[in-house]
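Accompanying notes for the structure given below.
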Amino acid sequence: MKIAVLIKQVPGSESALPIDSEGYWVDESSVTFVMNPPDNYALEEALLIKESNDDVEVVIVSMGPLRVQKVIREALAKGADRGIHILEQDITEKDPLVIAKRLSNAIKSEEFDLVLTGLQSDDTGMGQTGVLIGEILKMSTATLAVETIIQEDHIRIKRELESGWFQWVQLSLPASISIQSGLNTPRYPSLKGIMGAKKKEIHSLSATELSKEETLQKVNNVFVPQTNKQTEIIKGDIDQIVSRIIEILRTDIKVI
Amino acid sequence: MNILVVLESNNGALHRLSREALVGAQELGDSIFALIIGNENEEILSELAGYELEKVITVKHHLLSSYSADGYSEVVRQVFISFSPDLIVIGHTYQTRDFIPRVSAKLDIPFIPDVISISDKGFIKQVLNAKLNATISNLDNAAIISFQSAAFNEEQLKLGSCSNESFDVSLVDSDIKSISEEPFQEEEGDVDLESAEVLVSVGRGIEKEENVTLAFELAKVINAEVSASRPVVDSGWVDSFRQVGSSGSNVAPKLYFSLGISGAIQHVVGMKGAKNIMAINKDADAPIFEISDYAVIGDVLEIVPKLIESLEQSK
């Protein structure tokens, strides 16, 4: 079985996010990048499948400038077998459908049985790449998997629905599945893994050679959100705070 | 502008986010077509009959007796081809995330998800963990827009009348590549957070499992339900059916009384539609205060017992 894990490199949650001079995106020169945290759960799920089944190959696929090889290497150190890097210099590209077409073109010939993705990226948060690829490559799709069970020619997925509901879905392979964060505990790479990763192959492809798709949507600008909410700060000693809360409940909101 | 709104059934009733999507569509377009897929939608149809819409399109088929991404995406594709709207509008639910990207790829039109508002420059979406907002627009093509919970207020739905049309979809068995089993709950609870008028919601600031009883005691005296943020549920302190947020319930009560919740974006998307938000938190910089109507910077464990005591005395 061949599993592709799509991994994106994104700004870390503690990174500075200065807006660039055109107001178009963040100035990436002062950003610290990390592996997209939701993708780490997809990677762990692939590694768990590899450990509990025979003949499983886990291939990391990542698109972006040269810097994304760092997250591919990190995934290889954790136990993935090889990497595919789709070199995309135009880091301002943010159209998910174009991204999905390029990724699909890059991985089509690999004939993966399973494509795993995180539930969304922590940068643009479009949350659709895995499903788009599934449709483009005529795979079955499911999202928000909290449990996966591989059976002969199909996979059983426990999907998280809303409000504490779940559902089991059986999909024929090949399938593209997005993984809900928190379903497993992602491992750290071992020292042996880090050393071994240096010898593993990362195959580079150029995105623009893969397809020259037309962009259908664009980010016009980014800005810092303004809240226009009037907030009353309830101050005083504890008795004053409590009596003001009761007054609000009784006369302002009228819930008691 | 012609807009196709794709509606969602929530156990036979119209999903709140579908109502909000209809409000968004009424604001954006002049001619609204509302699509409802599935075989058991009488309650939804009678509700829709009272709204100002051009037309309600119903699709029934034996392969659509339960939801599947394969079936639903194919229906929306065929309806789109037949009605050629300028936009598809939908609520940003889990189901939307599951099948709408398939529609986007089938029709080769972009899906701009999780939109919080509309400006003259485009659709506004939170990016980078809600630290920034981005304005995104489609080019000269049609597009699919999904609206985040509380992007619009369902109470602003324009009333009027509309006609019905049933659409004949062409589906064959081999279109459906998945088998969906019946949905189930891990922990059964008869708690309906979505229709509660007041919620007392508990976060990590409650510190210990035994302190959770404070939330239940407060809820009892003000006749509220208890909900929680994900970390508290993950710790096993509160049942998962009480979880509010992107992986729990989407709520819009009259009062959301938050106790020790910091206000991570995953939580906020599920409750910011509340009419009134009151928050108690020790950390003055907690993001929950940015969306609060009433802010108490203080210790939940000191204030809440006092509050319960005073409420009981004043009864």
- [ ] With θ set to phi - 60°, apply the Karplus curve 6.51 cos²θ - 1.76 cosθ + 1.60 along segment A:111-123 and write out the HN-Hα couplings as whole Hz, x wherever there is a Gly or Pro.
- [x] 6, 5, 7, 9, 10, 10, 9, x, 6, 6, 8, 7, 9
Task: Check: segment A:2-210 dipole with +1 on Lys, Arg Cβ and -1 on Asp, Glu Cβ, in debye - done: 520
Task: Spatially proximal lysines relative to B:Lys55 (Cα-Cα < 17 Å; intrachain offsets below 8 disregarded) - done: B:Lys158
Task: Distance (nanometres) between label positions extended 7 Å along Cα→Cβ at A:Glu214 and B:Ala13 - done: 4.5
Open item on the list: Checking the table A:Lys78/A:Lys218; B:Lys272/B:Lys315; A:Lys229/A:Lys254; A:Lys101/A:Lys158; A:Lys192/B:Lys208 against a 32 Å threshold on Cα-Cα, which pairs fail?
Closed with: A:Lys78/A:Lys218; A:Lys192/B:Lys208
- [ ] Report the residue, chosen from A:Phe33, A:Phe112, A:Phe223, that carries the largest GNM mean-square fluctuation when chain A is represented by alpha-carbon nodes joined by springs under 10 Å.
- [x] A:Phe223
Task: Candidates A:Ile149, A:Ile60, A:Ile107: whichever shows maximal mean-square fluctuation once chain A is modelled as a Gaussian network with Cα springs under 10 Å - done: A:Ile149
TODO: Please go through segment A:177-208 and write out the trypsin sites (Lys or Arg not before Pro) that DSSP classes as loop and that have at most 13 other C-beta atoms within 10 Å.
DONE: A:Lys198, A:Lys199
TODO: May I ask which residue of A:Leu116, B:Asn2, B:Val56 lies farthest towards the positive end of the charge dipole of the protein assembly as shown, with charges of +1 (Lys, Arg) and -1 (Asp, Glu) on Cβ and the Cα centre as origin?
DONE: A:Leu116
Task: Coil-residue GluC sites (Glu not before Pro) of segment A:63-147, DSSP, other Cβ within 10 Å capped at 12 - done: A:Glu111
- [ ] On the protein heavy atoms, probe 1.4 angstrom, tell me the percent of accessible surface of chain A carried by carbon and sulfur.
- [x] 51
Open item on the list: 5 Å is the cut-off here: which amide hydrogens, built 1.01 Å from N in the peptide plane, fall below it relative to B:Ser201, excluding neighbours closer than 5 in sequence?
Closed with: B:Ser227, B:Phe257, B:Ser258, B:Leu259
Open item on the list: Going by Cα centres, segment A:28-60 and segment A:130-145 are how many Å apart?
Closed with: 17
Open item on the list: On C-alpha positions alone, give me the angle between the axis of helix B:94-107 and the longest principal axis of chain B, in degrees, nearest 10.
Closed with: 30
Task: Size of the A/B contact, given as accessible area buried on both chains, probe 1.4 Å, in Å² - done: 6900
- [ ] Could you check what % of the DSSP bridge pairs in chain A are antiparallel, to the nearest 5?
- [x] 40
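How large is the dipole of the protein assembly as shown about the Cα centre if only Lys and Arg carry +1 and Asp and Glu carry -1, each at its Cβ, rounded to the nearest 20 debye?
Working: 52 positive and 86 negative charges, 255 e Å.
The dipole of the protein assembly as shown has a size of about 1220 debye.
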Task: Principal-axis tilt of helix B:69-83 within chain B, Cα atoms, nearest 10 degrees - done: 50
Task: Nearest-20 debye value, segment B:2-175 charge dipole, Cβ charges on Lys, Arg, Asp, Glu - done: 540
Task: Part-to-part distance (alpha-carbon centres) for segment B:1-51 and segment B:265-281, which is given in Å - done: 26
Open item on the list: Can you find, among B:Phe147, B:Tyr256, B:Gln185, the residue sitting farthest towards the positive end of the charge dipole of chain B, where Lys and Arg contribute +1 and Asp and Glu -1 at Cβ?
Closed with: B:Phe147
Task: Positive-end residue of A:Asn40, A:Leu144, A:Ser104, charge dipole of segment A:2-210 with Cβ unit charges - done: A:Asn40
Task: Per residue Cα convex hull volume in Å³ - calculated over chain A - done: 200
Open item on the list: Report the Cα centroid-to-centroid distance between segment A:184-256 and segment B:215-244 in angstrom, as an integer.
Closed with: 22
Task: For the protein assembly as shown, share of DSSP beta bridges that run antiparallel, in % to the nearest 5 - done: 35
Open item on the list: Give me the one-decimal nm value for the distance between modelled label points at B:Lys306 and A:Arg67, 7 Å along each residue's Cα-to-Cβ direction.
Closed with: 4.8
Open item on the list: Give the residue list of trypsin sites (Lys or Arg not before Pro) in segment B:89-180 that are DSSP loop and have at most 15 other beta-carbon atoms within 10 angstrom.
Closed with: B:Lys121, B:Lys158
Open item on the list: What does the extension gain come out to for A:Ser204 and A:Ser172, with contour length at 0.36 nm per residue minus their alpha carbon separation?
Closed with: 8.5 nm
Open item on the list: Rounding to the nearest 10 and keeping the result within 0 to 90°, find how far the Cα-based axis of helix B:16-28 lies from the longest principal axis of chain B.
Closed with: 60
Open item on the list: Just the number please: accessible area per residue for segment A:2-210, 1.4 Å probe, all protein chains included, in Å².
Closed with: 40
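The values are calculated or read from the model by the stated rules, or taken from the named source; none is laboratory data. Predicted, not measured: the structure shown is a model, and the values here were computed from it. Don't worry about glycine lacking a Cβ; one is built from the backbone with ideal geometry, like all the others, and counts go over all protein chains shown. Ligands, DNA and RNA are excluded from the accessible area calculation, which covers all protein heavy atoms including side chains. Shrake-Rupley method; radii C 1.70, N 1.55, O 1.52, S 1.80 Å.
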